[in-house]
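So the structure is just underneath, and the comments pick up after that.
The values are calculated or read from the model by the stated rules, or taken from the named source; none is laboratory data. All figures in this text were calculated on a predicted structure; none of them were measured in a lab. Glycine also receives a Cβ, built like all others from the backbone with ideal geometry; neighbour counts cover every protein chain displayed. For accessibility, only protein heavy atoms count, side chains too; no ligands or nucleic acids. Shrake-Rupley method; radii C 1.70, N 1.55, O 1.52, S 1.80 Å.
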Amino acid sequence: MLRPPCLTPSRRASLLLALAAVVSPWCHAQGSAVPTGAGAAAAWPTKPLRIIVGFPAGTSPDLTARAFSEPLSKALGQPVIVENRVGAGGNIGADAVAKSRDDHTIGLMINGNMTIAKMINPAVPYDPLKDLAPLSLIGTSPLVLTAPVAQPGVPASADAREFFAAARAAGDTWSYGTPGVGTVGHIGTELLKSHSSINPVHIPYPGYPQVATAMLGGQLQMAMLPPALAQAQLRAGKLRAIGVTSTVRSPLVPDVPSLAEVGIRGFNLEIWNAFAAPATMPAAIQARLAALIGDIARSDEMRTKLFQQGWQVAGTSPEGLANRIQADTRLLGDVIARRGIKAE
């Protein structure tokens, strides 16, 4: 009996491009009569590809984008240039991607840029759900709820349940830090407050390193930190881990229990990064890029590299990323509405 051939992600993408060529062979985002089906995607790119990152060089999004630049360049036969457009929590870079019309620009985003940006600040000049096209969810990571080892009212031997009991008793005399209003750490801690009946006060800082420093100095009683930063302080014995914010333990910090394990039920929060294109980029080119990026992300070499950067690789289809965007927009949007969170 003849069996159908196994379709790899790249082969499936090729078939989709061929279908696109039959269904809609002639259109272009700027109105010029050029083919944008399989023929246009096969001829593309005609110049270097830009990856815009809304954060400074050396940050996690920048490192992820640069990790992809070389394999993407080899696959496309064109240089791939990483360009940093810094500011507004990554929204300046996201806006530059949304407004690009050269069909050779994509962006490496964090989840806030693709979900709640406009909910937090209506003045944000792009709409994440309308102006950006999802390509692939690259990596996910829980945050680690951490606290100083030595703090008044909490014995050094206290376990996670005792920590939460002390936090409830402290009420608003405790403070927690984040990299800013509207960040996942901020909204996530507000969500945690509703799940755990604690009530610490929010204090924003320029970034996670400053949050960790403030905890070490006794100015903060708790904070959600990325695993890589948390691990360094945990190993040094300067901070204690209360739990990870995912529903189960994370391989990134396997010795730290999930918050569900310590009695905080129904709580799940992750940070993530993803590639996106302008919504105006021809669908056939989006499909080709999505297939390439997903294949690269799932390669053994990239899995190892991203894990070392603190990410569990996803490498999803555009549909997988779109589903994640919708789920997180609902979850975080509900917290924003209930708590009245707005950009300052």
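General observations
- Once region 257-281 is narrowed to residues that are in a loop (DSSP other than H, G, I, E, B) and open to solvent by 10 Å² or more (accessible area, probe 1.4 Å), the residue that is farthest from S197 (Cα to Cα) is T280.
- All strands (runs of 3 or more DSSP E) inside region 168-249 with 1 or more residues being open to solvent by 20 Å² or more (accessible area, probe 1.4 Å), closer than 14 Å to A147 by Cα and of a type in the set (A, V, I, L, M, F, W, C): 239-244
- Of the listed requirements (1) over 17 Å from the mean Cα position of the chain (by Cα); (2) farther than 24 Å from S194 by Cβ; (3) outside any helix (DSSP H, G or I), A291 misses just one: (3).
- Among the residues making up region 293-335, those that are surrounded by 17 or more Cβ atoms within 10 Å (Cβ to Cβ) and among the β-branched types (V, I, T) are I293, I296, V313, T316, I325, T329, V335.
- For P155, the requirement of being within 22 Å of A236 (Cα to Cα) and either in contact (Cβ under 8 Å) with a residue 60 or more places away in the chain or over 31 Å from the mean Cα position of the chain (by Cα) (or both) is met.
- Number of the exception - T316 against (1) in contact (Cβ under 8 Å) with a residue 60 or more places away in the chain; (2) part of a helix (DSSP H, G or I); (3) not aliphatic (A, V, I, L, M): (2)
- Close pairs (8 angstrom Cβ cut-off, 6 or more residues apart or separate chains): under 15 Å from G263 (Cβ atoms) in region 187-200, open to solvent by 20 Å² or more (accessible area, probe 1.4 Å) and at pLDDT below 95 anywhere: S194/R338; H195/R265; H195/G266
- Pairs with Cβ under 9 Å, 6+ apart, first in region 91-112 and of a type in the set (K, R), second assigned to a helix (DSSP H, G or I) and at pLDDT 95 or above: K99/D131
- Remark: pairs (first residue in region 240-255, farther than 20 Å from F163 by Cα; second residue β-branched (V, I, T) and crowded, with 21+ Cβ neighbours inside 10 Å; Cβ separation under 7 Å; 6+ apart in sequence or on different chains) = S250/V244.
- For beta carbons closer than 6 Å, sequence separation of 6+ or different chains, a first residue in region 295-307 that is over 10 Å from A67 (Cβ atoms) and a second that is at pLDDT 95 or above, the qualifying pairs are R298/G315; R303/V313.
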